[in-house]
Amino acid sequence: MSVSWADTYAEQRPKAVALYGQAKGVIAGGVGHDVRHNAIAPMYIEHARGSRKWDVDGNEYIDYGMGNGALLLGHSHPAAIQAVQETVEKGLHFGNDHPRMVEWAGLIHELIPCAERVRFDNSGTEGTMLALRLARAYTGRTKVLRFEGHFSGWHDYVGKGAYPPFDKAVSLGIPQSTLDTILVIPADLDQVERTLRGDRDIAAVMLEPSGASWGTVPLTAAFNRGLRELTTRYEVPLIYDEVITGFRYSPGGYQGLIGVTPDLAVLGKIVTGGLPGGAVVGCAEIMKQFDYTGDREHDRYGRVSHLGTFNANPLSTASGIASLRLVADGSPGAQADRMADLLRRGMEEILEGEGAAGYAYGDSSVFHVYLEAYPGSGAKSRADLHTTDAATLKGIPGQVVTAFQRNLNIRGVDLMSYTGGLTSAAHTREDVDQTLTAFQETIQTLLETRVIGRVG
Ligand SMILES: Cc1ncc(COP(=O)(O)O)c(C=O)c1O
C-alpha cells in the first residue's frame, strides 16, 4: 500500500519527475534547500496567489509553507507586488544606501520593542551569525548557549543542536573548535542557571522564543520571563531569533506579545515581505559597536565590522515597507491566527475520532502535528501522548513524515516542513475545510497502512 501513494505522487507529476532527472545532473544534491528534497521529485512551482500555489504539472495546493514563513499576507500580495514594480523601474541595486531604507528601519524600530537600532543583512542565517558576532564583541566571551532542537540557520556557529542527537554536528565540514563553542541543553531554567553560573565564557543565550523549530517543541511565556531574569542576573546578552515569530506572533514579534525585551533580535522572512533579506536589531548599547568614531585605532580595532552587497537592496526594502505597513495593525496576523486555530481544533477532532496516536498543537498562526509511528507507544489515553520532550517531538521517524507529507500533497495540501505549517491572512475557511478533508483521508490511510499507531 505504501507504494500506492508514492505511485500516485509520481503519476500526478510527470513534468516534475522529468525536471528532477535533469536537475540531478546540474544542481548539487538535486535541490536548492535540504528541506525541499523529495526522493521522487521536489515540487516545482510555477506561480502562487493568496493561499494557493500551482506546480508545473498543474496541481493546485493550499500552501502552508508560505514562502518558508515569509508571507504573512499570502502569496503575491498586490501591495508588495506594486511596490516592487514601481521600484524596479528605478534600478535593481545601487550598492548605496537609499531613502526608503531609512523608512524601513523606522518602521521596524516602531514595531519591535528591542529595536533601538536596526542593521540590515541578507537572511536569517546571516542575522544569527551577525548577532553572535555582536554579542562576542560586546562581552569578550566565546560560547553560545542554545536549546535542544532550536534552529537558527545553517552557519557553523549554530552547527549543533537543531536535530537529534543534539550533541552531534548537523553537517560534515564544521570545525570541532567551532562546535566546542556551542553549548546545547534542554530548555529548563534550572539547567540554564547552573550553566550560566558554572561557565563564565558564555557570550549569549540564543533561542527561538516560541520554542524549538518554529514551536515544534513549544516554550512558554513563563520560561521566557525566567530566561530574561537569569540572563540579566548573569549579564549574558539574550538573543531572540525572531526569524519566524517576528511580526507573526504580534506586530512586535514574540517579544511584543509577551512583554519580554531581549538585548538583540534577529529578523528575517516577514521583515522583507517575501524577498531576500533580514535584519539584526537591538539595544543601542550593543548595536553601537557598528559605529565609526573617526578615531583610527577605534575604527580599525574597536568596532564590529559588517558588509554585504545586497544589504537593504531596493526591492526587498520596497516589499518590506509595503508588507510591514499592512502587518502593523495586527489584523493580518489575527486572521492567520484564526485559521490556524480552526485547523488545530479540526485536526485534533479528527485524530481523536480516528483513534490515532497523535495530536495537533501550536500557537499563533502555526500548527504542528505529533504522530507516533506504528504500533505507537501504547498510550492508554490521548492525554498520555502529550510530551514536551524535544527528542520525541523532533524525532518523528522519517517514514512517517514522508508518508504524511506525500498523502497531503496528493490531496492538494503542502506543509511548511516536517509535520506542520503556517497560515497567512489569505487563508480562508474554505481552505481550512478542504485541508481537514485531506487531513482526515491522510490519517485514515496512515492508520490502515500501519504507518502510525493507535491510542489504547
Ligand atoms: C528560526 C529561524 N532562524 C533562522 C533561520 C534561517 O533563515 P534563512 O533561511 O533566511 O537563512 C530560519 C529559517 O527557516 C528560522 O526558521
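Determine which member of the set Ser177, Ser152 is more than 16 Å from the ligand (Cβ to nearest atom) and hydroxyl-bearing (Ser, Thr, Tyr). Let's see the steps before the verdict.
Numbers: Ser152 fails: more than 16 Å from the ligand (Cβ to nearest atom).
Answer to the check: Ser177.
Starting from region 128-143, take each residue that is closer than 17 Å to Leu196 by Cβ and of a type in the set (Gly, Ala, Ser) and list its partners that are at pLDDT 95 or above and outside any helix (DSSP H, G or I), counting only C-beta distances under 7 angstrom and pairs at least six apart or across chains.
Ala135/Ala203; Ala135/Ala204; Ala135/Pro237; Ala135/Ile239; Ala135/Leu264
Would you call Arg194 in the same structural domain as Gly268 (by TED's automatic domain parsing), basic (Lys, Arg) and within 16 Å of the ligand (Cβ to nearest atom)?
Working: in the same structural domain as Gly268 (by TED's automatic domain parsing): yes; basic (Lys, Arg): yes; within 16 Å of the ligand (Cβ to nearest atom): no.
So Arg194 fails the test.
So that you can scan it fast, the table gives a plain yes or no per residue for (1) under 24 Å from Leu71 (Cα atoms); (2) within 22 Å of the chain's Cα centre (by Cα):
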site: Ser319; (1), (2): yes, yes
site: Glu348; (1), (2): no, no
site: Ala373; (1), (2): no, no
site: Arg382; (1), (2): no, no
site: Thr388; (1), (2): no, yes
site: Ile410; (1), (2): yes, no
site: Met416; (1), (2): yes, yes
site: Gly421; (1), (2): yes, yes
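Of these, Thr178, Thr216, which one is under 19 Å from the mean Cα position of the chain (by Cα), at pLDDT 95 or above and among the β-branched types (Val, Ile, Thr)?
Thr216 is the lone residue from the list that is under 19 Å from the mean Cα position of the chain (by Cα), at pLDDT 95 or above and among the β-branched types (Val, Ile, Thr).
I'm checking my understanding of the structure. Among residues of region 215-230 that are within 16 Å of the ligand (Cβ to nearest atom) and in contact with a helix residue (DSSP H, G or I) (Cβ under 7 Å, 6 or more places away or on another chain), which one is farthest from Val144 (Cα to Cα)?
Here is the first cut: in region 215-230, the residues within 16 Å of the ligand (Cβ to nearest atom) are 215-219, 224.
Remaining after also requiring in contact with a helix residue (DSSP H, G or I) (Cβ under 7 Å, 6 or more places away or on another chain): 216-217, 224.
Values: Thr216: 22, Val217: 20, Asn224: 17 Å.
The residue in question is Thr216.
What are the residues in region 91-141 that are of a type in the set (D, E, K, R), over 26 Å from Val327 (Cα atoms) and away from the ligand (no atom under 16 Å from the Cβ), if any? Spell out how you get there, then give the answer.
Pass one, region 91-141, residues of a type in the set (D, E, K, R): 97, 100, 103, 110, 116-117, 119, 121, 126, 133, 136, 141.
If we keep only those that are over 26 Å from Val327 (Cα atoms) too, we end up with 133, 136, 141.
Once the filter is applied, which keeps residues that are of a type in the set (D, E, K, R), over 26 Å from Val327 (Cα atoms) and away from the ligand (no atom under 16 Å from the Cβ), region 91-141 yields Arg136, Arg141.
List the number of the failed condition for Glu116; all other conditions in (1) under 27 Å from Ala390 (Cβ atoms); (2) charged (D, E, K, R); (3) surrounded by fewer than 20 Cβ atoms within 10 Å (Cβ to Cβ) hold.
Only one criterion in (1) under 27 Å from Ala390 (Cβ atoms); (2) charged (D, E, K, R); (3) surrounded by fewer than 20 Cβ atoms within 10 Å (Cβ to Cβ) is unmet by Glu116, namely (1).
Give me the pairs: first residue in region 44-63 and of a type in the set (S, T, N, Q), second residue assigned to a loop (DSSP other than H, G, I, E, B), beta-carbon distance under 6 Å, and six or more apart or on different chains, which are they?
Cβ pairs passing all conditions: Ser51/Gly74; Ser51/Ala426; Ser51/His427; Asn59/Gln12.
Looking at region 231-257, which of the residues that are polar (S, T, N, Q) and surrounded by fewer than 24 Cβ atoms within 10 Å (Cβ to Cβ) is nearest to the ligand (Cβ to nearest atom)? Give the derivation first.
First, the residues of region 231-257 that are polar (S, T, N, Q): 231-232, 245, 250, 255.
From the residues that got through so far, the ones that are surrounded by fewer than 24 Cβ atoms within 10 Å (Cβ to Cβ) too are 231-232, 250.
Working: Thr231: 19, Thr232: 23, Ser250: 16 Å.
So, considering only residues that are polar (S, T, N, Q) and surrounded by fewer than 24 Cβ atoms within 10 Å (Cβ to Cβ), the one nearest to the ligand (Cβ to nearest atom) is Ser250.
When you scan region 1-100 for helices (runs of 4 or more DSSP H) that lie fully inside it, which ones turn up with 3 or more residues that are β-branched (Val, Ile, Thr)?
On the way: elements: 2-11, 14-26, 66-69, 78-88.
Helices (runs of 4 or more DSSP H) meeting the threshold: 78-88.
The values are calculated or read from the model by the stated rules, or taken from the named source; none is laboratory data. Treat the numbers as computed from the prediction; the structure is a model and nothing was measured. Neighbour counts are summed over all protein chains in view; Cβ atoms, including those assigned to glycine, are modelled from backbone coordinates with ideal geometry.
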